[in-house]
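Below is one structure, written out as structure tokens, with a few remarks after it.
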Amino acid sequence: MFDAYQKKFGTTMSNHSVQGYEVMFVLRDALERAGSMDRDKLREAIAKTNLTDQILTQESIRFDEAGEDIYAMPALIQVQNGKPVVVGPAKYAEAKPIFPVLKWKG
């Protein structure tokens with residue numbers, strides 16, 4: 001998905017882009033499971049979401065009784081060689097963090 005996005009838009013996916021894509025995946029999944037556009041059925045399907053095929057730095061997308069994503073985990077991003085890379089959590093890291101951070105050359 002990341003390569004297709006970069007090819008189409010000429011840039012890497014920002015945090016906002018990733019979140020936007022995931023919202024649409026959750027909605028598509030819930031609509032398919034609800035089998036209806038009925039508000040109550042859709043709400044129930046969203047509440048029962050357990051989306052493991054996703055691109056966030058977390059196990060899956062699941063919601064608690066308050067509607068919060070119980071596995072939400074922010075990614076720690078560091079710009080290395082001019083490219084943003086995930087450096088944490090370790091399980092999802094694309095590279096090791098550089099510390100101390102190099103001097104800014106801007």
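If you project the alpha carbons of the chain onto their three principal axes, what span does each projection cover, largest first, in Å?
Extents along the principal axes: 54, 31, 20 Å.
Can you tell me the order of 1-13, 75-87 when each peptide is scored by its average per-residue count of other Cβ atoms within 10 angstrom, highest first?
Result, highest mean first: 75-87, 1-13.
Helix-only estimate, please: 222 nm mean residue ellipticity of the chain, summing -39500 (n - 2.57) across DSSP H runs of length 4 or more and dividing by its residues, to the nearest 500.
Roughly -11000 deg cm²/dmol at 222 nm, from the helical runs in the chain.
Could you tell me which GluC sites (Glu not before Pro) in the range 32-71 are loop residues by DSSP with no more than 16 other beta carbons within 10 angstrom of their beta carbon?
Sites meeting the loop and neighbour criteria: E59, E65, E68.
Give the ranking of K105, K91, K96 by solvent-accessible surface, highest area first, calculated with a 1.4 Å probe.
Putting K105, K91, K96 in descending order of accessible area: K105, K96, K91.
Taking K41 as the anchor, which lysines have their alpha carbon closer than 17 Å to its alpha carbon, excluding any fewer than eight residues away along the same chain?
none
Hey, could you get me the Stokes-Einstein D for the range 46-106, Kirkwood radius over alpha-carbon pairs, 10 °C and 1.306 mPa s, rounded to whole µm² s⁻¹?
The diffusion coefficient I find is 118 µm²/s.
Need one number: nm distance between label points at E94 and V79, each 7 Å from Cα along Cα→Cβ, rounded to one decimal.
Going from the E94 label point to the V79 one covers 1.4 nm.
The values are calculated or read from the model by the stated rules, or taken from the named source; none is laboratory data. All values reported here derive from a predicted model rather than from experimental measurement. When we count neighbours, we look across all protein chains shown, and the Cβ atoms used for this are built from the backbone with ideal geometry, even at glycine. When the accessible area is computed, the model is the full protein with side chains, heavy atoms only, and any ligands, DNA or RNA have been set aside. Shrake-Rupley method; radii C 1.70, N 1.55, O 1.52, S 1.80 Å.
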